[in-house]
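**Q** My questions will all concern the structure given below.
Values quoted throughout were computed directly from the atomic coordinates according to the rules given, and no laboratory measurement underlies them. The structure displayed is predicted, hence computed values, not measured ones. As a convention, Cβ positions derive from the backbone with ideal geometry for all residues, glycine included, and neighbour counts pool all protein chains shown.
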Amino acid sequence: MGAPQVRSSFRVTPRNLKLATCSTRSPSISRVGGLICSFYIVHYQFLGLIGDEDQVMVSTPRKQPLVHLISVGRFIPSRRRVPPLLYPLPVSGCVAAAYRKIHLFDVELEGRVSLKESAFTNPGSEMAPPVPTPAGKVGLAICYDLRFPEMALTLAQAGAEILTYPSAFTVTTGAAHWEVLLRARAVETQSYVVAAAQTGQHHPSRSSFGHSMVVDPWGSIVAQCREGPGLCFAEIDLPYLHRLRQEMPVFAHRRPRFYSRAAAEWGLGLP
């Protein structure tokens, strides 16, 4: 599995959008067999107007059974709001599913981070079921979704073996929380976590942390990008995942009725 790391500029054109795709033209990819690219082409904050139609050009491979996971959004002159999207595209090039980000990043860290996604985009209204792929069943999530363990647990209970978090974490939040959150989601769901990331400076007032990463179900980092654009690879070992889930059957040990009862008795609503 590959987790790319890219830097999107403020202005995106059809040409550089094509250049951001994952294809067999890359020597490092050509040497690897079937894998998934969890690919965060561009964060919607930095996507310019491409043309009259909403479109994304994707270079699908001709030989290897790759799956592109692409998170895209854009501003429209009519001010219609489009939520961040995640499209799994199988080798056929057809859209296999679509997930729209349900958690928006509305955060004000005094003197460090100020961002309100709800000012220019709408959240999605539902989760997407895990998507079958040659590498395993993939649970779809985006960026800030990473901070909500209930979502990851629900995807894992629905059969997800791999969780994807294409992201554009700020430098401040990424340095403090990126790795620990990815490892936590992997451990608590006993799943592989694949997180492609934006990196570097996009424009004078916005930079992303980067550090694309693959974490195994034990919580170990098995692949990671460092500084600058790049691509990291890791093997997805499903027999290892299933053995771990059998040896430590966390989901069988969960007691959801107690959680729900306590939440109701304490006036907390649904857990």
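**Q** May I ask you to sort 110, 227 by Cβ crowding, counting other Cβ atoms within 10 Å and putting the fewest first?
**A** Values: 110 6, 227 10.
Final ranking by Cβ density, sparse to dense: 110, 227.
**Q** Continuing with this model, one more query. Set the Förster distance to 25 Å, then compute FRET efficiency between residue 150 and residue 118 from the Cβ-Cβ distance, nearest 0.05. The partial results should precede the final answer.
**A** Numbers: r = 20 Å, r/R0 = 0.80.
Computed FRET efficiency for residue 150 and residue 118: 0.80.
**Q** Please compute the length gained on full extension between residue 251 and residue 125, using 0.36 nm multiplied by the number of residues separating them and subtracting their Cα-Cα distance. Write down the numbers at each step before the final one.
**A** Details: separation 126, 0.36 × 126 = 45.36 nm, distance 2.61 nm.
That works out to 42.7 nm of additional length.
**Q** If each Cα of the range 112-180 is one equal point scatterer, what is log10 of I(q)/I(0) from the Debye formula at q = 0.14, 0.17, 0.27, 0.28 Å⁻¹?
**A** -0.51, -0.72, -1.23, -1.27
**Q** Just order 138-150, 113-125 by mean Cβ neighbour count inside 10 Å, highest at the front, would you?
**A** Numbers: 138-150: 21.8, 113-125: 14.0.
Listed from highest to lowest mean packing, they are 138-150, 113-125.
**Q** State log₁₀ I(q)/I(0) for the range 160-220 at q = 0.15, 0.22, 0.27 Å⁻¹ as given by the Debye formula over alpha-carbon point scatterers of equal weight, solvent excluded.
**A** -0.43, -0.78, -1.03
**Q** In a Debye calculation with equal point scatterers on the alpha-carbon sites of the range 123-271 and no solvent, what is log10 I(q)/I(0) at q = 0.14, 0.20 Å⁻¹?
**A** -0.72, -1.24
**Q** Run through the DSSP bridge list for the range 127-271 and note the antiparallel percent, rounded to the nearest 5. Show your work: numbers first, answer last.
**A** On the way: 14 of 21 bridges.
Expressed as a percentage, antiparallel bridges in the range 127-271 total about 65.
**Q** Please arrange 106, 237, 216 by counting, for each residue, the other beta carbons lying within 10 Å of its beta carbon, fewest first.
**A** 106, 237, 216
**Q** Using the Cα centre as the reference, give the magnitude of the dipole from point charges on the C-beta atoms of the range 176-239 (Lys, Arg: +1; Asp, Glu: -1; all else neutral), rounded to the nearest 20 debye. Walk me through the numbers before you get to the answer.
**A** Values: 4 positive and 6 negative charges, 56 e Å.
So the dipole magnitude of the range 176-239 works out to roughly 280 debye.
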